[in-house]
Structures are given as C-alpha cells and as structure tokens.
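Novice: Shown below is the structure under consideration.
The values are calculated or read from the model by the stated rules, or taken from the named source; none is laboratory data. None of these values were measured; they are calculated from a predicted model. Here the Cβ is made from the backbone with ideal geometry for all residues, glycine too, and neighbour counts use every protein chain on show.
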Amino acid sequence: MNINRLSLKEIYVLAIVVIFLLLIIYAIFSQQQTGLQRVGGLYLKKLGANPNIRNYVYGIYGMYRFYDTLFELLIFSTAVLGITIFSDLEESRESSSSELIESHVVDASASFLYPIIFLLGLYLAYSAHLGPGGGFAGGVIAGTGVLLLAIAIGADRIGQLFYEQFMKKVEYLILLLVLAIVLCSAVLPIDIYTGNRGTAVIIIANLSMGAKVFIGSWTILHFFVKHRGEI
Amino acid sequence: MILFFLFLLLVLAGAVLIQKRLLNAVILLGVFSLTSSMIYFLVGAPDVAVTEGAIGVAFVTFIYVLALSDQGKLHVVTEEIPPFFYQDKGRIQGIEYEILQQLADQLSLDLEVEFVKHSDLPSQISSRRTEIIAGAFYKEYLPASGLNITLPFHQASLAKIVDTQIENAPIGTLTDLDVTDIKEIDAERISRFNALEDLMSAYNKEKISGFISDSARMSIALNQITTQKRKTSEISQVSDINYTFAIPSSEVELTDKLNELLENLTKTGQLEKILDRYLR
Amino acid sequence: MTLFTSTISILVVGLGIIGLILKKNVLMKLLSLNIVNTSTILFFVLIVSEQGDRAPIGSSGLARMADPLPQALVLTSIVINFGVLALSLLFTMVLVKRYHTLDIDKIETSVKRDYKEESP
C-alpha cells in the first residue's frame, strides 16, 4: 500500500472507513448532550453490603454476572481443545531440539527466577476479591513462568515435574467444580457468598479458575514451542 | 498525561501497518499493548491493566515470536568450496556469499547459511526449509532433481585428470554427476564416490586411473595429490560448464528476483569486480 | 476530556480496520485484527472514565470512583481475543503447510483451483 499510488479499491475502502468513523464520533458527541450515565451504580450499592468482597469489579464478574465468566472459561477451553486435537494429529519437526536457548547464563537465571513468577501468578489468582488481579491474569502469568523454566531445562521434562498427564484429566473436573458452585448459589435459598463460608467459597472459585487457565495456557505454549518456526 | 499515551497509540498503530519485516511488527504490537495497559492504569482500571499486560504483552508476543522464528530468513545450503563459499576464522566469505548477501538486503531478510557435504545434498533439496543451493553448483551436478537453475555467474570447465601409468582401472566421479554427454569416457567403467576426499584417497591409492570434476573442486583436489602422483598426472579439459545457483522449482518468485539481481550485476560490471577480487 | 480520548481510540480502530482490509499478508491481517480488538476494548473503558479516577476497590477514598461495570465486561473480551488469536495462528500454520505461501491472493486462487478439480 503505497501512499503515492492508491488504487480505486483502496480509495473506496478508505472512504467507507472514514464515513463509519465519522458516524461513531457523531454518536459519541450527541450522547454527551443527554449525559453519559454511570452504569455501575446499582452494583456499587449492592456490593457495599457484603464486607467479604472489596474489589467491586470481582463482585460483578464473579457473583452477579457469573454467566459471562462461565462462558469465557468455555471459550478458552474450546481454544485449548482445538490445539490439543491438532497437536495429536501432527508430528513435530524433524530437526527441532528440545532446548529453546543454549546458554549457561539463561539456564542459571531462569532456574532462579521462575518460582517468583509462579508465586506472583498464584497470589494474583487467589486474591482476586481483595485487589486487582483475578483468575485469568494469575493463570496466564503462572503459565509464562513455566515457559521460563522450559527455557532452562527443556520443554519435555516439564511434563514429569508438573504431572502433566494427571492434570490434563483433571482439567475438566475443575470446570465441573466451578459449575457446582454456580448451581449452589442459584438454587439454594441462602446466600453462599456472605460470612466466613463466603470467603472459603470465593477462594475455591478463584483458585479453580486460575488452575484451569494455567493448565490451558501451558498446553498452548507447549504446542507452540514444539512446532516453532513452522509458519 | 493520557493524551501523550493516546497519541503514542496512534503512532504505533501506524508504524505496525508500514513494517516490512514481521518480527518488527510483532514487537511494535507488544509496545502497543503495553501503552494500552498504561492508559488503563491511569484511568482507574487496575484489573483490566493487569489482565491486558499479562495476556496482551507477554502471551501474545511469545506465541507470535515462537511461530515466526523462521520467517525473516533466507536459507542457503552449500558445500564449503573456496573461493566461492567458505569460512575463514569464523566469518563466511566468498563470491557467492556476496551475491546472496545483496539479494537478502534487497528482500529485507537475514541470510542463514548451512554447510553440508555432497552426500547430504539430495535430502536437503526435498526439505521444505531450503531456499537456495549454492557452492559451485552447475547443471550437471545434480540433474533431474526438481530444481530451477538461475542465470550463470561464472564460466568454468569440467576437467579430467588421468594418471598415464595406470591401465585397466575405472574413472571416478562424484555421485549423481551427469556424464552421458561426455564422449571420451566409457559409461560402464565409472565408479562413483560420495565425497571428494574418498575420490582423492582412491586416486592416491591407485584404485582408479583418474577422475572427472569441475575446475573449482579440481583445484582443491590438486592440493591433496602426492607429489609423485603429480608427476605422472595429466589434466585435460572435457567440456564447458556454467556455475549457477539452484532454487527448488516451487519458488518461482525467488528465482525471478535472483535472475534479476544477476542481470543487474552483470550490466553494471559489479560481478566482474567481485570475481576479480577472489579469483585473481 | 472524555470525548477527546474516546475519539482518539475510535481513530485507532479505524486504522486497524484499514490494515485488516488492505494488507496482503495473512499474518499482517492477524496483527491488524489484534489492533482492532485492543483499541475497541480501550474505547469501552474510556467512554465512562476520566483521568484520575480512583480504582473501584473498597475503602478507596472520597474521590470519584471509576465505573466497575464496563471493566468487568471488558475482562471477558480480552481473554476471548486471545483465544481467537491462538486458533487463528494454528489455522495459518495449516494453510502454509498446504500452500507454501503467505499471500492471500495466491491462497485464494489455489483454493479455487483445488475446488474445481474436486468437483467438476
């Protein structure tokens, strides 16, 4: 796409995108005249009564709008499932070595740093109701920490250290656990999120979400490490 | 403060769309996500900032870089033959290296050279990663392998060396060499060898009465003949050949670009200068 | 101020859409899709907030608190974008293995030719 010679098709596309943008910008400005509402006021009031949950954003996506989180977990599982099925059908490259980088400095520093990153991911996952973080960020950070370990010792040995076969079978049980918690809170007449029992339920839900995302993200990374450079 | 980051977003988005090399664009996308995460922090959304930082900056960049690690390279497979393509104290030099380096700069790629032996060449041709075959290559060297031959960059000759004192022994060549057009050889009395060193040791031990090879490999071989053999050996020219490059036939664009570059170099006289520097 | 910031994020969305349509390389299209996704969710967060809002965490002080609902909705979107991206890279790998090129025009002609050969 050269600036000096724009073909007819490119001018056409540019014109349509510019019109679309102008429409949206006009919509924003006209909305301002009637006043942009703060839409989360209702949730702030409801969550003010529950002293267990201090992070209002977690209160929304972890309690009142849990369907969103549930289906987000399902979409993530579908992506991981697609990659698992594809990796069973393909053989890896002939000349791929199991070490990503061969250097002593990287080996030593990676073996030292990976527990810190893993711990950070774990902390972010279980303290979702007290501060920023949440299960998704925590799980992904833990998966990245394991990738750092894979740089140091080779991606194939991670399977033995982390009981990979066992965890793959357990992955869908975690989803059932999360579904059970949702079912309890929807069906039982009592509110399970208040009081001391509430904190325990919240922490179990957080950790199971974090564990599921961690297993899924390590699966994806392992696949891309095995088939690196194939594009 | 926010305005500065927002304008930085605009600049980065524009920069991603102009890039030619994919790795540069991926790193710029990582910086884009990082700036976005910074804006989330300034506006009072720390949850979103942490999640965008973990997923958009770390994970997406890792996956792209792992998948694209082979992308910006031009793979060259060659034998080590001075003065065409050789290694000198760890640095690669040679006539063909300079030509291919110019091609890589033109296409904004990195040159990656792999030195192999003659017996490994057929398997490297069928591997998907090889893009150019170099190393004093000529059309008769590996005939009928599904390769496109480019324009020649140097003319040479096929030479034959014969020890006049040995009789009734076959003539040796390297495997796959096409000798059907050469009249002076009896086609049934040829023995094939896998490597130049095997050819040399067979000649020195008098198992063959002579061998045929192109002039570049012949000059390497001449250094290894024993002096008493050298007195009784006779070198004669058999036919003319052209040194070219070879590209697998599926890469039509690359063949066209390399031909274009070779034509350009011949027209402007740069090819002569490169050949002068190495061959004289 | 809110208007100005949301307008700029909409402009970045526009840039991403232009890149998505006009680029010929399959991977550059994926990168432009990433830009569109990231700046759309930025728009959703910017439209109800101003610089200097406090985070919506309890006991955060008396200053104006940010709106928590768009943030919760947007968290889902980030993870979904990432899932779509991982699967698209997978499909690109399959395409490249089959057709040996990253140019979208050549892939289209090859696919049409394969279609014609299979179903006369």
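Novice: Given (1) surrounded by 16 or more Cβ atoms within 10 Å (Cβ to Cβ); (2) over 15 Å from residue B:83 (Cβ atoms); (3) hydrophobic (A, V, I, L, M, F, W, C), identify the lone condition not met by residue B:235.
Specialist: Looking at each condition in turn, residue B:235 falls short on (1).
Novice: Quick one: in the range B:56-65, of everything that is farther than 17 Å from residue A:151 by Cα and surrounded by fewer than 24 Cβ atoms within 10 Å (Cβ to Cβ), which residue is nearest to the chain's Cα centre (by Cα)?
Specialist: B:60
Novice: Go through the range B:194-232 and report how many residues are among the basic types (Lys, Arg) and exposed (fewer than 12 other Cβ atoms within 10 Å of the Cβ).
Specialist: The qualifying residues number 3.
Novice: Next question. Counting only residues that are free of Cβ contacts under 8 Å to residues at least 60 places away in the same chain and over 26 Å from the mean Cα position of the chain (by Cα), give me the helices (runs of 4 or more DSSP H) lying completely in the range B:189-257 with at least 3 of them.
Specialist: B:196-204, B:227-232
Novice: Could you please give the count of residues in the range B:178-200 that are touching a strand residue (DSSP E or B) at 6+ places or on another chain (Cβ under 9 Å) and either in the same structural domain as residue B:267 (by TED's automatic domain parsing) or at pLDDT 70 or above (or both)?
Specialist: 10
Novice: A further question on this structure: Looking only at residues that are touching a Phe, Trp or Tyr at 6+ places or on another chain (Cβ under 9 Å) and more than 20 Å from residue C:13 (Cβ to Cβ) in the range B:1-25, which one is surrounded by the fewest Cβ atoms within 10 Å (Cβ to Cβ)?
Specialist: Applying the filter and picking the extreme gives B:23.
Novice: Further question on the same structure: Taking the stated definitions as given, is residue B:84 buried (at least 16 other Cβ atoms within 10 Å of the Cβ) and closer than 26 Å to residue B:28 by Cβ?
Specialist: In short, no.
Novice: As an exercise: evaluate residue A:44 against (1) at the interface with chain C (Cβ under 10 Å from one of its Cβ atoms); (2) modelled with pLDDT of 80 or more and give the number of the one condition it does not meet.
Specialist: The number of the failed condition is (2).
Novice: Say we look at the range C:101-120 and pick out the residues that are within 28 Å of the chain's Cα centre (by Cα) and not β-branched (Val, Ile, Thr); which of these is modelled with the lowest pLDDT?
Specialist: Selected residue: C:102.
Novice: When you scan the range C:73-88, do you find a residue that is at the interface with chain B (Cβ under 9 Å from one of its Cβ atoms), surrounded by fewer than 19 Cβ atoms within 10 Å (Cβ to Cβ) and over 19 Å from residue B:50 (Cα atoms), even just one?
Specialist: Scanning the range C:73-88 turns up no residue that is at the interface with chain B (Cβ under 9 Å from one of its Cβ atoms), surrounded by fewer than 19 Cβ atoms within 10 Å (Cβ to Cβ) and over 19 Å from residue B:50 (Cα atoms).
Novice: Considering only residues that are out of contact with any Phe, Trp or Tyr (no Cβ under 6 Å at 6 or more places or on another chain) and more than 7 Å from chain C (Cβ to nearest Cβ), which ones fall in the range B:39-67?
Specialist: Once the filter is applied, which keeps residues that are out of contact with any Phe, Trp or Tyr (no Cβ under 6 Å at 6 or more places or on another chain) and more than 7 Å from chain C (Cβ to nearest Cβ), the range B:39-67 yields B:41, B:50, B:53, B:54, B:57, B:58, B:61, B:62, B:64, B:65.
Novice: Could you list, ordered by first residue, the pairs with Cβ atoms under 9 Å in which the first is in the range C:29-47 and small (Gly, Ala, Ser) and the second is not in a helix (DSSP H, G or I), at least 6 apart or interchain?
Specialist: C:32/C:23
Novice: Further, regarding this structure: Looking at the range A:122-143, which of its residues are surrounded by 24 or more Cβ atoms within 10 Å (Cβ to Cβ) and either part of a helix (DSSP H, G or I) or not assigned by TED's automatic domain parsing to the domain that holds residue A:56 (or both)?
Specialist: If the condition is that a residue be surrounded by 24 or more Cβ atoms within 10 Å (Cβ to Cβ) and either part of a helix (DSSP H, G or I) or not assigned by TED's automatic domain parsing to the domain that holds residue A:56 (or both), then A:124, A:125, A:135, A:136, A:137, A:138, A:139, A:140, A:141, A:142, A:143 are the ones that fit.
Novice: Do we have residue A:219 as surrounded by 13 or more Cβ atoms within 10 Å (Cβ to Cβ), of a type in the set (S, T, N, Q) and modelled with pLDDT under 80 here?
Specialist: The answer is no for residue A:219.
Novice: What about residue C:29, is it part of a helix (DSSP H, G or I), at negative phi and in contact with a Lys or Arg (Cβ under 6 Å, 6 or more places away or on another chain)?
Specialist: yes
Novice: Let me ask something additional. Do we find that residue A:221 is assigned to a helix (DSSP H, G or I) and at the interface with another protein chain (Cβ under 10 Å from one of its Cβ atoms) in this structure?
Specialist: Here the answer is yes, as residue A:221 does meet what is asked.
Novice: For residue A:202, only one of the following conditions fails: (1) away from every other protein chain (no Cβ under 14 Å); (2) more than 24 Å from residue B:45 (Cα to Cα). What is its number?
Specialist: (2)
Here's the yes/no breakdown for (1) of a type in the set (Lys, Arg); (2) more than 11 Å from chain B (Cβ to nearest Cβ); (3) farther than 15 Å from residue A:206 by Cα:
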residue	(1), (2), (3)
A:113	no, yes, yes
A:118	no, yes, yes
A:121	no, no, no
A:128	no, no, no
A:131	no, no, no
A:141	no, no, no
A:147	no, no, yes
A:153	no, yes, yes
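Novice: Take the conditions buried (at least 17 other Cβ atoms within 10 Å of the Cβ), more than 28 Å from residue A:78 (Cβ to Cβ) and more than 8 Å from chain B (Cβ to nearest Cβ) and apply them to residue C:105. Does it pass?
Specialist: no
Novice: For the range C:75-97, state whether one or more residues are among the aromatic types (Phe, Trp, Tyr), farther than 30 Å from residue A:129 by Cα and in contact with a helix residue (DSSP H, G or I) (Cβ under 7 Å, 6 or more places away or on another chain).
Specialist: no
Novice: Is it fair to say residue B:263 is among the acidic types (Asp, Glu), in a helix (DSSP H, G or I) and closer than 21 Å to residue B:86 by Cα?
Specialist: No; evaluated as a whole, the condition is false for this residue.
Novice: Checking residue A:171 against (1) over 13 Å from the mean Cα position of the chain (by Cα); (2) part of a loop (DSSP other than H, G, I, E, B), which single condition isn't satisfied?
Specialist: (2)
Novice: Still on this model: Which residues, taken from the range A:1-27, are over 23 Å from residue B:17 (Cα atoms) and either modelled with pLDDT under 80 or of a type outside the set (A, V, I, L, M, F, W, C) (or both)?
Specialist: Within the range A:1-27, just A:26 meets the criteria.
Novice: Another question, then. Can you go through C:1, C:93, C:65, C:28 and tell me which one is at the interface with chain B (Cβ under 10 Å from one of its Cβ atoms) and touching a His at 6+ places or on another chain (Cβ under 9 Å)?
Specialist: The unique qualifying residue is C:93.
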